[in-house]
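The values are calculated or read from the model by the stated rules, or taken from the named source; none is laboratory data. Nothing here was measured: the structure is a model prediction, and the numbers come from that model. When we count neighbours, we look across all protein chains shown, and the Cβ atoms used for this are built from the backbone with ideal geometry, even at glycine. These accessible areas exclude ligands, DNA and RNA; they are computed on the full protein's heavy atoms, side chains included. Shrake-Rupley method; radii C 1.70, N 1.55, O 1.52, S 1.80 Å.
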Amino acid sequence: MIRVFIPRDSGALSMGAEAVARAVAVEAVARGADVTVVRNGSRGLYWLEPMVEVEIAGGRVAYGPVSAADVPELFSAGFLQGKKHRLALGKTEEIPYLKQQERLTFARVGITDPVSVADYEAHDGYRGLRKALGMDGAAIVEQVTQSGLRGRGGAAFPTGIKWKTVLGTAADQKYVVCNADEGDSGTFSDRMVMEGDPLVLVEGMTIAGIAVGATRGYIYIRSEYPHATRALDEAIAAAYAAGYLGQNVLGSGKPFDLEVRVGAGAYICGEETAMLESLEGKRGMVRFKPPLPAIAGLFGKPTIINNVISLASVPIILDKGGEFYRNYGMGRSRGTLPIQLAGNLKYGGLVEKAFGVTLRQLLYDFGGGSLSGRPIRAVQVGGPLGAYLPESQFDTPFDYEAFVGISAMLGHGGVVAFDDTVDMAQMARYAMEFCAIESCGKCTPCRIGSTRGVEVIDKIIAGTERDANVALVRDLCDTMLNGSLCALGGMTPFPVVSALNHFPEDFGLSASALAGAAR
Ligand SMILES: Cc1cc2nc3c(=O)[nH]c(=O)nc-3n(C[C@H](O)[C@H](O)[C@H](O)COP(=O)(O)O)c2cc1C
Ligand code: SF4
């Protein structure tokens with residue numbers, strides 16, 4: 001029997017993976033070949049999707065991008081034996097884009113059958129939970145603290161400290177909530193994990209629950225992710241069937257139940273307190289803090305809220321120890337970050353690297369430069385609230401503190417590249433407009449400020465009292481930054497001000513006008 005891997009990942013499906021899988025099955029029957037098709041996750045080399053892999057002696061070989069029409073020809077060329085073909089990519093693990101990565105959180109993505117517990121176990125799955133079940137809560141939290149893991153959802157708050165607060169808060173009920181809203185532009189790492197290795201998230205949440213005494217978990221996922229939702233549902237059912245979830249996890253006497261909740265689609269529902277409101281069945285509005293969700297979160301109970309990647313990084317930390325994870329990275333940014341390359345790049349995809357890799361390495365060594373072939377002029381890192389970085393900042397290492405040092409942020413690790421045809425005044429306007437559309441409306445600087453911000457930027461673009469209006473928009477940004485209740489209003493100034501500072505010519509500003517406005 002020969003195993004052929006064809007991704008069930010949304011990105012691959014959008015490029016025709018379903019038709020390829022059907023064609024391979026039909027052709028195998030027609031030729032009497034003994035083939036089993038495994039629907040794996042994507043390896044994250046999206047320009048090669050659908051990428052088909054064949055397991056031969058000595059590893060897996062890849063072909064891509066494959067269309068259904070290529071399938072008969074691939075059979076004739078002997079792809080089941082790994083033979084040559086114009087779409088042949090060689091051994092998958094030797095493809096430079098993959099070989100140069102450090103895949104810890106993504107260790108199994110693209111390799112295993114995402115919803116098979118047996119395959120998961122065969123690839124080191126559930127080793128972390130087994131270890132955790134032999135430890136007390138404080139010892140588990142200590143490992144997570146030692147690893148240096150910081151929240152991958154955006155704010156980079158130390159995960160161990162959050163867990164310690166929940167552990168130390170006495171309550172009759174505690175919860176673990178996974179933030180799978182993944183609303184940032186150009187991001188897809190959460191989706192890839194949920195589609196490609198959902199059991200690692202299930203395991204991470206179970207460890208979190210066991211650590212702090214939370215018996216129930218929810219995964220809050222955006223409605224735009226139907227394939228991820230299906231994979232999670234299948235994985236959760238498989239975990240229950242194998243005794244990894246339920247009232248008596250692996251016979252330990254400890255309970256942990258888990259279910260998926262689908263959000264109705266609003267960027268603000270990714271903000272943790274708005275997400276709790278939504279989970280409770282209410283409109284997604286931001287809550288005042290304190291109390292912190294770790295003390296009074298879902299239904300007023302102590303709640304761990306973590307991003308998908310944060311939770312999916314926990315199993316390997318428990319399995320190999322906090323020290324192992326900590327050995328990757330730089331400064332206070334420990335471990336690895338699954339970085340998502342998107343926008344105008346030749347090779348968009350998922351790159352998991354230890355902190356310290358520079359933006360330039362990502363854009364050119366991995367991304368291959370712009371798809372259009374024109375110079376890359378601006379890059380937005382960290383989603384719609386992230387700053388626009390000019391070429392002079394491309395050597396900044398991926399490190400939370402280094403990015404703060406240039407008034408930018410890493411956020412969820414999304415990288416969106418633009419070539420020299422981009423109009424940065426329009427991008428600044430878009431940032432304000434996005435805030436106006438997505439504002440939950442609870443506080444004035446964001447609700448009113450963003451709408452006025454669009455109007456003022458329009459005046460700048462039209463050349464109406466340009467210098468005075470630039471001063472006004474800077475003043476407005478200052479008010480939003482300092483007076484907003486949450487980071488939607490509070491960080492919208494980052495893309496706006498960075499566009500003004502680094503690309504003044506797009507706003508029709510002369511150097512002297514810029515100097516005057518900056519004063
Ligand atoms: C407007 C807004 C949108 C957010 N969207 C997300 C999101 O889609 N996914 C996410 O994990 N965190 C998002 N966050 C961050 C969460 O509020 C929170 O910090 C995170 O879920 C905590 O998990 P972590 O510590 O593991 O990162 C958002 C924050 C804001 C202000
Ligand atoms: S900053 Fe905007 S999104 Fe955040 S609470 Fe205020 S109005 Fe709501």
**Q.** Whichever residue in the range 184-196 is within 18 Å of PRO226 (Cβ to Cβ) and not in a helix (DSSP H, G or I) and, among such residues, is least open to solvent (accessible area, probe 1.4 Å)
**A.** THR187
Q) Is it the case that the range 447-454 has a residue that's polar (S, T, N, Q), within 16 Å of ligand 1 (Cβ to nearest atom) and assigned to a helix (DSSP H, G or I)? A) yes
Q: Please state which one of LEU509, LEU481, LEU500 is away from ligand 2 (no atom under 16 Å from the Cβ) and under 21 Å from GLY405 (Cα atoms).
A: LEU500
Q: Could you tell me which numbered condition ALA402 fails, if it satisfies all but one of (1) under 19 Å from TYR46 (Cβ atoms); (2) surrounded by fewer than 22 Cβ atoms within 10 Å (Cβ to Cβ)?
A: (1)
(Q) Here's a check for you: in the range 150-171, which residue that is more than 18 Å from ILE210 (Cα to Cα) and in contact with a strand residue (DSSP E or B) (Cβ under 9 Å, 6 or more places away or on another chain) is modelled with the lowest pLDDT? (A) GLY154
**Q.** Selection within the range 262-316 - within 16 Å of ligand 2 (Cβ to nearest atom) and among the polar types (S, T, N, Q)
**A.** THR273, SER278
Q.
For the range 140-150, check the following and say yes or no: at least one residue is under 16 Å from PRO293 (Cβ atoms) and assigned to a loop (DSSP other than H, G, I, E, B).
A. no
Q: Assess whether ALA242 counts as being open to solvent by 30 Å² or more (accessible area, probe 1.4 Å), touching a residue at least 24 places away in the same chain (Cβ under 8 Å) and more than 16 Å from ligand 2 (Cβ to nearest atom).
A: yes
Q) With (1) modelled with pLDDT of 95 or more; (2) open to solvent by 60 Å² or more (accessible area, probe 1.4 Å); (3) not charged (D, E, K, R) as the list, and VAL115 as the residue in question, which single condition is left unmet? A) (2)
Q: Please enumerate the residues belonging to the range 102-137 that are among the β-branched types (Val, Ile, Thr) and assigned to a loop (DSSP other than H, G, I, E, B).
A: THR105, VAL109, ILE111, THR112, VAL115
Q. Which residues, taken from the range 306-354, are under 16 Å from GLY153 (Cβ atoms) and open to solvent by 10 Å² or more (accessible area, probe 1.4 Å)?
A. ASN307
Q.
Among the listed residues GLU505, GLU465, identify the single one that is closer than 26 Å to ALA342 by Cβ and among the charged types (D, E, K, R).
A. GLU505
Q. Restricted to the range 440-455, and to residues that are near ligand 2 (Cβ under 6 Å from one of its atoms) and over 21 Å from ALA499 (Cα atoms), which residue is surrounded by the fewest Cβ atoms within 10 Å (Cβ to Cβ)?
A. GLY441
Q. Since ALA517 meets every condition but one in (1) buried (at least 18 other Cβ atoms within 10 Å of the Cβ); (2) more than 15 Å from ligand 1 (Cβ to nearest atom); (3) of a type in the set (A, V, I, L, M, F, W, C); (4) modelled with pLDDT of 95 or more, which condition does it not meet?
A. (4)
Q: For THR464, state whether it is more than 30 Å from ALA274 (Cα to Cα), modelled with pLDDT of 95 or more and surrounded by fewer than 20 Cβ atoms within 10 Å (Cβ to Cβ).
A: yes
(Q) free of Cβ contacts under 8 Å to residues at least 24 places away in the same chain, open to solvent by 50 Å² or more (accessible area, probe 1.4 Å) and either of a type in the set (Asp, Glu) or in contact with a helix residue (DSSP H, G or I) (Cβ under 8 Å, 6 or more places away or on another chain) (or both): is that true of LYS289 in this structure? (A) yes
Q: Kindly check whether there is at least one residue in the range 314-328 that is out of contact with any Ser or Thr (no Cβ under 9 Å at 6 or more places or on another chain) and under 24 Å from ALA402 (Cβ atoms).
A: yes
**Q.** Single unsatisfied condition, ALA12 versus (1) in a loop (DSSP other than H, G, I, E, B); (2) in contact with an Asp or Glu (Cβ under 7 Å, 6 or more places away or on another chain)
**A.** (1)
(Q) Here's a check for you: in the range 317-351, which residue that is touching a residue at least 12 places away in the same chain (Cβ under 8 Å) and charged (D, E, K, R) is nearest to ligand 2 (Cβ to nearest atom)? (A) ARG332
(Q) Quick check on my filter: what residues within the range 410-439 are under 15 Å from SER498 (Cα atoms) and either within 16 Å of ligand 2 (Cβ to nearest atom) or among the aromatic types (Phe, Trp, Tyr) (or both)? (A) PHE418, TYR430, ALA431, MET432
Q. What tally of residues in the range 66-101 results from selecting those that are open to solvent by 60 Å² or more (accessible area, probe 1.4 Å) and part of a loop (DSSP other than H, G, I, E, B)?
A. 4
